[in-house]
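Accompanying notes for the structure given below.
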Amino acid sequence: MIIMDEEGTQYQARVFNQNFSRFRHLLKEDESYIVIKPNMAAVTNGFSYTDVIGHIVSFRPLETSNPVPSKHYIKVTLSNLDSVHLKVTIFGSQAYQISEYLKNNPTVNFVVIVMQFLKLNIWNGLGEAKSHFEVTKLFINSDIYEINEFKNKLKCHDNFGITEKSITTLQSYSSSYTDDFKGNFPLKTICEITEPIKEMKFLLVASIVNIRQNLPWYYEACKKCGKKIIPVPKTNHSYTNPEGISETMVVECTNAQCKKSEFQYIIPINVQDCTGTIGLTLFDREARRLLNISAYELKKIHDAAGDSDALFPMQLNVLKNRKFGFVVDITEYNVNNYNNIYTVLRVTEDMSIVCELESKIELMSIQSVSLNQVALESDDVVQPVQKDVISQTDESFTPSTVDKSTATSPCKISGDLKRNLQEIYDVDSGYDLSSTKAKRKSTAEETPLLIPKIEK
């Protein structure tokens, strides 16, 4: 509850479960009470409640992607008379209320709102407010003293002495999310990115074919900053036995201000397109959106079933055999450590986006075929074969001889390459290319050697 005394001071208050039945029939909004011997304590949960008045300078359209209506939200930016801005996120029915007002009143120059009992968070000196369930009260251009006074000051203020509409409609988060798949990053196939040569972000169309076992699928992260927390020893002193000292392991974030932790996803997946297979890592935001369950809740189900942490939960199998569009990141760590397990930044199953990306890949393949045909017709010099490209398949790496400079189509690399090589090379299994080098002993089937044809 939020209660207020006769001087206007507000308090966050609560009645605990064991006492609630005694007071339930008495507690009503806008009623006055005498509270005898309350327990008073400072708020230490990281947020406080506040009242806000301001006019809307920008907003994003209503976000309704979550299946739970109470989690639908709209983001607005409010400004006071001194042009100080505050970002506010409004949830549930109030989000629909303000969205409908903005939609039905497009000619209103200034929309002034009053919000009571907003939850205010302060992070790195910046404030952001959110509505809090049904506690928050919302007034939109209502005929009340506070709003009328604010409007009068607004009209007289030098910075707002304009009559034209001043509310900016920003792009929705859903639109900006899909924009990442529409040309901002280069489109690649797996055979092109098996080696982490440089830092880059790229688009990839592939299907999830496997979730790797014996690797963690969750980790404990700081609830505030999202960083992985580490176990550290803590010394425990006994009050009954001063000489008795014991140590326990506790988790701590690298940021000393962070106090709480939570479980987050870190799902190791293998994805495949028509050119190969490679490993990616799916982190919490994208994994939670695809699974519709938090890592904490899934771990509870997994533990209740008595399954080992070395095995991933069966619920993750819903990700298999589904084709996605990915935004993938090759980081500095990948390049420096020659690690080709890349990070997934975005993932979408929107078929319009996936089909559009596949069409672009097909077009790129056709163009590559045309260029290679022209090159083969005009070039009389025999080109050396490039080194093998390493492609990852499930848990191992398998070499596949792919000449990138002569690859025609990602799905037809093997056939086209074989045809092109037969035109240039003779197959000879009995001699080495160099007489100065000893033959290598093979532990498997003998691999034919390729000898350039010599024109007679």
- Task: Considering only residues that are among the aliphatic types (A, V, I, L, M) and within 16 Å of Lys37 (Cβ to Cβ), look in the range 13-27 and name the one that is nearest to the chain's Cα centre (by Cα).
- Result: Ala13
- From (1) over 15 Å from Ala129 (Cα atoms); (2) open to solvent by less than 70 Å² (accessible area, probe 1.4 Å); (3) over 30 Å from the mean Cα position of the chain (by Cα); (4) at pLDDT 85 or above, pick out the condition that doesn't hold for Gln10. (4)
- Query: modelled with pLDDT of 90 or more, in contact with a Pro (Cβ under 6 Å, 6 or more places away or on another chain) and not in a helix (DSSP H, G or I), is that true of Asn334?
  - Reply: no
- Kindly establish whether Glu220 is closer than 21 Å to Ile341 by Cα and at pLDDT 65 or above. yes
- Can you work out which of the residues in the range 294-321 that are part of a helix (DSSP H, G or I) and not hydrophobic (A, V, I, L, M, F, W, C) is farthest from Phe263 (Cα to Cα)? Asn317
- Item | Yes/no for Ile144 being closer than 16 Å to Phe59 by Cα and either of a type outside the set (Asp, Glu) or surrounded by fewer than 13 Cβ atoms within 10 Å (Cβ to Cβ) (or both) | no
- Note on the structure: Note: among Lys119, Lys130, Lys137, just one is charged (D, E, K, R) and closer than 17 Å to Leu62 by Cβ, namely Lys130
- Message: Scan the range 42-52 and tell me whether some residue there is modelled with pLDDT of 90 or more and open to solvent by less than 60 Å² (accessible area, probe 1.4 Å).
- Response: yes
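The values are calculated or read from the model by the stated rules, or taken from the named source; none is laboratory data. Here the structure is a predicted model, which means the values were calculated and not measured. Here the Cβ is made from the backbone with ideal geometry for all residues, glycine too, and neighbour counts use every protein chain on show. Each accessible area value is taken on the protein alone, full model and side chains, heavy atoms only, with ligands, DNA and RNA left out. Shrake-Rupley method; radii C 1.70, N 1.55, O 1.52, S 1.80 Å.
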